[in-house]
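Here's the structure we're looking at; comments come further down.
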Amino acid sequence: MKIAIITSGSRGDVAPYTGLGSRLRAAGHDVVIATQEAFADAVREAGCEFRRIPGDTRALLGSERGQEWQQRSTGLIGGIRTNIQMGMRLLEEMGEGVLAAAEGADVLLLQRVALWHGYLVAKARGIPGMALELFPSVPTADFALPSLDIRFLGRWGNRNIPRLVAGATSRIKTPMDGPIREFQRQLGLPPSGLAAIRLEMNRDEHWPIYHGYSPAVVPRPADWRPGVEAVGYWWPPSRPDWQPPKELVDFLESGPAPVFIGFGSMTGSRGRQLAETVSAALRQAGVRAVVQAGWADLATTGDDVISIGDTPHEWLFPQMAAVVHHAGAGTTGAALRAGVPAIPLPALGDQPFWADRLVRLGVSPGWTPMKNLSAGRLAALIQEAVTDRSYRRRAEALAGRIHAEDGSARVIEALERLRPGLRDDT
């Protein structure tokens, strides 16, 4: 079976799918991963065929506009506005890339950014498919949708406000609908718009929606329809030939377990300011640290600090006293799998949801938005995380449950149940 995985965004939006792709190949499938050019090597290293999706997320987040999005993206209004503005940029680029990625495919597996176009291609061409989400995407009474960046709207509001908003916007044209309506016409489908497509996907019993995080971290809500599942993480492929730099090994062996500091694909041009805050916090906390540069080119100095580049989380995190991160879905999962306390500093999107979840799970002493970060606040959180052993005990217990799961196997099993064709009753 030829399977096309279509994803776009930052490294955290791609790495889980390269791991899933390698597992699908091991199960005997021919796998294409379509994503941005920056991740072509990662796709090929996973043994999958690379196809290009337009766009450059690093350049987008590092631009002046991207910095504005990260600064104002929290709260209901800020979250919605950021989703709209970033979504417009992505929608303008996605259609042709999805069409090319789907060429010759028997099944489409779609990450969020590719979901609308991919669903339409699947419908128009009768190709089975499913959504593969990295954070909860279907309304439930249990919690507010992470994309809204609101902690709680009440059980009725959590479940119904997103549907009411989607229902209202599905009956009117919005600026975001233009590219998708044109794409529908191109495919010979009646134009409807983004909100209507999302409502259809959420209701379509022939369209599975699988979430690649542990149900021990976010239990599956009882009010989700059949076919909407939380199946466990899709881990990036292991790198058996990778060897840690001697300098890093020597540092780890030279003293007590350090704290990891890294913000992945976040912060863009704010690296220098953030580095100054982090350096001051480390001095106040009196801890050793491993600092990962990431897209911000984060760099700190000191006798008890080492700066590193790309290093597998599965090797590094278990050796840490705590992990300070941006609360992206992938890094959150990696820290939980390692069984270490976490200190989340979210910037945008679903990150505040994961930050709040880590505190609720009892594996984090607290969180603060990255834009509000101070050295004193970060130092206090680090000290509490590394001195109060209850955080590590709870993290280790949760890690045991996560290790027992196999999210990729659940997707492989689901592929056997997909029907050869989708409804087209819009």
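Please give the net charge around Arg159, taking every other residue with its beta carbon less than 11 angstrom from that of Arg159, where Lys and Arg add +1 and Asp and Glu add -1.
Charge balance in the 11 Å sphere: 0.
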Self-check item: Val291 long-range amide H proximity, modeled H, under 5 Å
Solution: Ile261, Ile306, Ser307, Ile308
Quiz prompt | Cβ charges +1 (Lys, Arg) and -1 (Asp, Glu), total dipole of segment 234-379, debye | solution = 480
Practice problem: Using amide H atoms built 1.01 Å from N in the peptide plane, name the residues 5+ places from Ala230, or on other chains, whose amide H lies under 5 Å from its own. | Solution: His211
Quiz item: Taking the mean number of other Cβ atoms within 10 Å as a proxy for protection, how do you rank 195-206, 280-291, 107-118, 242-253 from highest to lowest?
Solution: 107-118, 280-291, 195-206, 242-253
Exercise. Read phi for every residue in segment 405-411 and hand back ³J(HN,Hα) as whole Hz from Karplus 6.51 cos²θ - 1.76 cosθ + 1.60, θ = phi - 60°, with x for Gly and Pro.
Key: 9, 9, x, 5, 4, 5, 5
Quiz item: Under the classification rounded if a/c is under 1.5, otherwise prolate if a/b is larger than b/c and oblate if not, where does segment 246-403 fall, given a ≥ b ≥ c as square roots of the Cα gyration tensor eigenvalues?
Solution: rounded
Exercise. Assuming a ≥ b ≥ c are the square roots of the Cα gyration tensor eigenvalues, decide whether segment 321-426 counts as rounded (a/c under 1.5), prolate (otherwise, with a/b larger than b/c) or oblate.
Key: oblate
Quiz item: Amide H to amide H under 5 Å from Ile343: which residues, 5+ apart in sequence or cross-chain, H placed 1.01 Å off N in plane?
Solution: Val323, Val324, His325
Self-check item: Phi to ³J(HN,Hα) by Karplus 6.51 cos²θ - 1.76 cosθ + 1.60 over segment 347-355, Hz, x for Gly, Pro
Solution: 10, 6, x, 7, 4, x, 4, 5, 4
Quiz item: What is the packing order of peptides 405-413, 327-335, 310-318, taking the mean over residues of other C-beta atoms within 10 Å and listing the highest first?
Solution: 327-335, 405-413, 310-318
Exercise. Using θ = phi - 60° and the Karplus relation 6.51 cos²θ - 1.76 cosθ + 1.60, list the HN-Hα couplings for segment 38-45 in order, rounded to whole Hz, with x at every Gly or Pro.
Key: 4, 10, 4, 5, 4, 5, 5, 5
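Each reported figure results from applying straightforward, stated rules to the coordinates on display, with no laboratory input. Just so you know, these numbers come straight off a predicted model, no measurement behind them. Cβ: placed from backbone, ideal geometry, glycine included. Neighbour counts: every protein chain shown.
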